[in-house]
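Quick notes on the structure that follows.
The values are calculated or read from the model by the stated rules, or taken from the named source; none is laboratory data. This structure is a prediction, so every number in the text was calculated from the model and none was measured. Backbone-built Cβ (ideal geometry, glycine too); neighbour counts: all protein chains shown.
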Amino acid sequence: MDFDYSDRCKELQTRLLAFMDEHIYPNEKAYKEEVDRNGAAGNRWVPLDLIERLKPLARTQGLWNLFLPKSPRAPEGLSNLDYAPLCEIMGRVSWAPEVFNCSAPDTGNMETLERYGTEEHKARWLEPLLRGEMRSAFAMTEPDVASSDATNIATRIERDGEEYVINGHKWWISGAGDPRCQIFIVMGKNDPNAARHQQQSMILVPADTPGVTIKRPLPVFGYDDAPHGHCEITFENVRVPASNMLLGEGRGFEIAQGRLGPGRIHHCMRSIGVAERALELMVRRLDSRVAFGRKISEQGVWRERIAESRIRIDTARLLTLKAAWMMDKVGNKGAQAEIAMIKVLGPNVAQQVLDWAIQAHGAGGVSDDFPLAYQWAGNRTLRLADGPDEVHRNAIAKLELARYA
């Protein structure tokens, strides 16, 4: 088991770290100010000039589409193992991945189109996404059912001649608020009488199709994540060509497993970056403050938390690298246990380190003067996104029980 990064990965790490130091960290305040200015002007839901200015710089430096392996349309794409440390670096700042065209849900959607789309789908949707000319969204979660069990999904996809008609209600659809979002990948049920995991399909729905209505953005702990957003959407008699069906009727779960494996591990890679940033901020804060006659970093309780943070972060990183290595060697299905384990471990580790970092900053930790509160809110959603902890723990237990059956 070799976790060493390739020479190309190491060289990209050096370039990416320099880019972050020169263009990302110094602009964190400017990013927030631009979002606030847009809100004061009455429209938070517009693309940010800051990010649009940085994208060409990232692309000219070869820091673009690094997430997509084995695609002739993205020859710069890396293996999962080589992408892991780069994704971690990007994850240290919430908006950084978009600068490199490596942000969710576009990464998962591009992987889906690359794996399961027709050449027509790829020409119309994948290529503009790879160029960063548009955004996309993935519509699976619904308000009226327990979506942790995706067989509950009630949205209907029904054939009518040379078209499919879609009716349903979705929410927490990330990216749908962005005016550049031009395509939805929608999961719905086309045959409720089929076998349990063959009832669902995935279909491409252009965002401007009549009957698609964005009802509202849904804030996360008060953050609306504009202009990206997480939205509630209805589909009312939405008609799309039959050719928009991905892979074929009843193959939605097959596609979901192919899509969600990389998506889950990318979340975990970024969460490790979040945890590293939180630990760095915590240590710097503790070392710069004096209480009861000595630096807070000299207090025993904080040394315990610093040590525990390092142990947990490195544990999560090693498991993430093992999962990435296995995905490269034996495929997503062969790595399903490791993917499930890191999907539980990564966000939980980041959440604890963030909590300690917030505590170390006192009242400042819960303010917007530091990135910790926003990162805490965003990271907390990862224990729900792409499957809640409980579902992944159940899957891990089933695999473990099967070993001794």
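A compact table of results
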item: Long-range neighbours under 7 Å by Cβ, at least six apart or interchain, first residue at negative phi within the stretch 390-402, second of a type in the set (D, E, K, R) and modelled with pLDDT of 95 or more; result: His392/Lys343
item: Residue in the stretch 68-77 that is within 17 Å of the chain's Cα centre (by Cα) and aliphatic (A, V, I, L, M) present; result: yes
item: The stretch 201-224 residues that are in a loop (DSSP other than H, G, I, E, B), paired with ones that are surrounded by fewer than 13 Cβ atoms within 10 Å (Cβ to Cβ) (beta carbon under 9 Å, 6 or more apart); result: Pro210/Asn237; Gly211/Asn237
item: Hits in the stretch 161-220 - residues which are surrounded by fewer than 23 Cβ atoms within 10 Å (Cβ to Cβ) and β-branched (Val, Ile, Thr); result: Val165, Thr209, Val212, Thr213, Ile214, Val220
item: Meets criteria (among the aliphatic types (A, V, I, L, M) and touching a Leu at 6+ places or on another chain (Cβ under 7 Å)) for Leu54; result: no
item: Total residues in the stretch 9-50, condition surrounded by 14 or more Cβ atoms within 10 Å (Cβ to Cβ) and more than 14 Å from Ile89 (Cα to Cα); result: 13
item: Criterion (not assigned by TED's automatic domain parsing to the domain that holds Gln375 and not in a loop (DSSP other than H, G, I, E, B)) met by exactly one of Glu76, Glu98; result: Glu98
item: Tally, over the stretch 123-159, of residues that are touching an Asp or Glu at 6+ places or on another chain (Cβ under 7 Å) and under 19 Å from Arg73 (Cα atoms); result: 4
item: Failed item in (1) in the same structural domain as Ala207 (by TED's automatic domain parsing); (2) surrounded by 15 or more Cβ atoms within 10 Å (Cβ to Cβ); (3) of a type in the set (D, E, K, R), with Glu158 passing the rest; result: (2)
item: Count - residues of the stretch 133-192 that are in contact (Cβ under 8 Å) with a residue 24 or more places away in the chain, β-branched (Val, Ile, Thr) and assigned to a loop (DSSP other than H, G, I, E, B); result: 3
item: Selection count, the stretch 346-362, where residues are touching a Leu at 6+ places or on another chain (Cβ under 7 Å), over 10 Å from Ser271 (Cα atoms) and either of a type in the set (Lys, Arg) or assigned to a helix (DSSP H, G or I) (or both); result: 5
item: Where a residue in the stretch 303-321 is assigned by TED's automatic domain parsing to the domain that holds Ala360 and without any contact (Cβ under 8 Å) to a residue 40 or more places away in the chain and its partner, wherever it lies, is acidic (Asp, Glu) and in a helix (DSSP H, G or I), with Cβ under 9 Å and at least six apart; result: Leu319/Glu338
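Per-residue answers, yes or no, for (1) touching a Phe, Trp or Tyr at 6+ places or on another chain (Cβ under 8 Å); (2) crowded, with 20+ Cβ neighbours inside 10 Å:
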| position | (1), (2) |
| --- | --- |
| Asp82 | yes, yes |
| Leu86 | no, yes |
| Ala96 | no, yes |
| Asn101 | yes, yes |
| Pro105 | yes, yes |
| Glu119 | no, no |
| Leu126 | no, yes |
| Ala137 | yes, yes |
| Glu142 | yes, yes |
